[in-house]
1. Please compute, for peptide A:108-114, the average count of beta-carbon atoms on other protein chains lying within 10 Å of each residue's beta-carbon.
2. Would you mind pulling out the separation of the Cα centroids of the range A:108-149 and the range B:47-81, in Å?
3. Do any trypsin sites (Lys or Arg not before Pro) in the range A:61-102 lie in a loop, going by DSSP, with at most 16 other beta-carbon atoms within 10 Å of their beta carbon, and if so which?
4. Filter the cross-link list A:44/A:88; A:135/B:115; A:74/B:93; A:67/A:90 down to pairs whose alpha-carbon distance in this structure exceeds 32 Å.
5. Take the range A:87-135, drop everything but the C-alpha atoms, weight them equally and run the Debye formula without solvent; then report log10 I(q)/I(0) at 0.15 Å⁻¹ to two decimals.
6. Enumerate by residue number the trypsin sites (Lys or Arg not before Pro) in the range A:104-151 meeting two conditions: DSSP loop (anything except H, G, I, E, B), and at most 14 other Cβ atoms within 10 Å of the site's Cβ.
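Only the coordinates and a few stated rules stand behind these numbers; no lab work does. Remember, predicted model here, so these are calculated numbers, not experimental data. Cβ atoms come from the backbone with ideal geometry, glycine included; neighbour counts cover every protein chain shown.
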Amino acid sequence: MQIPIGSFQLTQSEIIHKEIHRYMELTSQTICETARESLILFIKSLMKMIPHLPLIPSYRALELLIKKNVSGFKLARFIKDSYSVFEKEKLIVKEILLDYYEDVEIKGWKGVSLIFRVCSNDYRKLLEIWSKISKSKPEELRDLFVEVEPC
Amino acid sequence: MLRPLAFNVAREFLGLAKEVKECICREKRVQTCSITINQGLFRTCISRAYYSVFIMARYITNLEYYGRPDVHEKVIKRLKDMGLEDVADKLFKLRKERNKADYDVYFNVTSDSMKYVVDIAENVMEALEKMLPSYPPS
């Protein structure tokens, strides 16, 4: 898949690699070595499982996941399995975001959402798949919120 | 001079409130009741969709007694404890959309995004209603 960026044409995978590099640089400056290793393991696992995965992780989301000791491998496995559910239904996942959330009214309420942006206007189907994915969330990832939205 | 977006959204909220008041108080004949379709309407719709589900979820999770602001977070946590991961995730999404609708004036709410939010709310409400204790047959 080709995405025009300025005068260059970068593949999705090149974009992801660039992003990963950026996160690794940021992470090495701000959080401890173990957390950094966990993050790298997570990204590497995902890249191995789905090389063309359109994943866009927010740095603050990753940082929060690491602070909460979320298993990078479990998360990678869950993303892969959820991605497969959409593939089975012949739905195109345009983006997968790991998004940081902080509530505007409730102090201290923060969380991470795993958002699947799916190319479909069949809301009923999207809501059904969403329930299926949420219910399949492993116990270790119960702090993570799952969202499915049309794009 | 351009008016700030906050002013527009604020006026639209008030405009909608006035339209409803005018209809209810019969300041206008019922036949002439009208609602203007704008950001104010979409945002109000999203906000009400969230609160409709939140109120039901708060009842199901036995948290009606809890009057602190963090009740919204507590309800979602309790739903997770009850094993209702899907309902918790969807209520969280509704919460996010409600916060955007009520606070982020620079975010453009489309009719499509409003429709999706209302569909989520209906879907969650259905799931929650199934959990209500059934009334004894009359």
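1. Across A:108-114, the average partner-chain Cβ count within 10 Å equals 3.
2. Centre-to-centre (Cα) distance: 19 Å.
3. Passing sites in the range A:61-102 are A:68, A:90.
4. Where the Cα-Cα span goes over 32 Å, the pairs concerned are A:67/A:90.
5. Debye intensities relative to I(0), on a log10 scale: -0.53.
6. A:107, A:142
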